[in-house]
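Q: Let me give you the structure first, and then I'll get to my questions.
The values are calculated or read from the model by the stated rules, or taken from the named source; none is laboratory data. These figures come from a predicted structure and were not determined experimentally. Note: ideal-geometry Cβ built from the backbone for every residue, glycine included; neighbour counts use all protein chains shown. Ligands, DNA and RNA are stripped out before the accessible areas are found, and what is left, the full protein with its side chains, is counted by its heavy atoms. Shrake-Rupley method; radii C 1.70, N 1.55, O 1.52, S 1.80 Å.
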Amino acid sequence: MKTLKISLTLFVAGLVFQACDENEIMPGYQKKGTTTTTVATITPSNSKPAKASNITITLTYVNPASDLLRMVELKAKIGSGTYETIQTFDAQSDAKDSEVTRQATYTTPNASGTVTFDMVITSQMPYPQVIRTSVSVQ
């Protein structure tokens, strides 16, 4: 009986020490970088413009010092078509940690439908941020 108690104690102690081994967190995990979400808005001057009329698209964003912006692009897509670049802004010289406002003029199509606008913000990291809005052409 005494031998059984000693054997059982040694077995339990072995399990306790084995449980203390460090395990690999995630096999193959490698941190590639980080991104900073930029506070940004995209606003049309008229959400229901007439056909073939000019509207102003206002882009507002903050250029964070922790992840400096490179470029801000305004893209538009008519209906289910493909996106076309309307205007590109170089953000590298924008003031750091303060609000920046840019504007672009867009002429709506000569037909009723939806126009979707994307503001694509590219920073030092390879992961762009996209802010979206749309207008309904009357």
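Q: How many of the residues in region 44-71 are surrounded by 15 or more Cβ atoms within 10 Å (Cβ to Cβ), among the hydroxyl-bearing types (Ser, Thr, Tyr) and either in a loop (DSSP other than H, G, I, E, B) or in contact (Cβ under 8 Å) with a residue 60 or more places away in the chain (or both)?
A: 1
Q: Also: Residues in region 15-36: is at least one modelled with pLDDT under 95, surrounded by 12 or more Cβ atoms within 10 Å (Cβ to Cβ) and within 27 Å of Thr133 (Cα to Cα)? Working first, answer last.
A: Here is the first cut: in region 15-36, the ones modelled with pLDDT under 95 are 15-36.
Still in the running and surrounded by 12 or more Cβ atoms within 10 Å (Cβ to Cβ): 35-36.
Now drop any that are not within 27 Å of Thr133 (Cα to Cα), which leaves 35-36.
Yes.
Q: Take the residues in region 72-95 that are closer than 14 Å to Thr133 by Cα and in a loop (DSSP other than H, G, I, E, B); name whichever of them is most open to solvent (accessible area, probe 1.4 Å).
A: Across region 72-95, the extreme among qualifying residues is Tyr83.
Q: Also: For residues that are among the aliphatic types (A, V, I, L, M) and part of a strand (DSSP E or B), scanning just region 96-134, find the one that is nearest to the chain's Cα centre (by Cα). Even if it seems obvious, please write down each step before you answer.
A: So the first thing to find is which residues in region 96-134 are among the aliphatic types (A, V, I, L, M), and the list is 100, 104, 111, 115, 119-121, 125, 130-131.
Subset that is part of a strand (DSSP E or B): 100, 104, 115, 119-121, 130-131.
Working: Val100: 18, Ala104: 22, Val115: 21, Met119: 11, Val120: 9, Ile121: 8, Val130: 6, Ile131: 8 Å.
That would be Val130.
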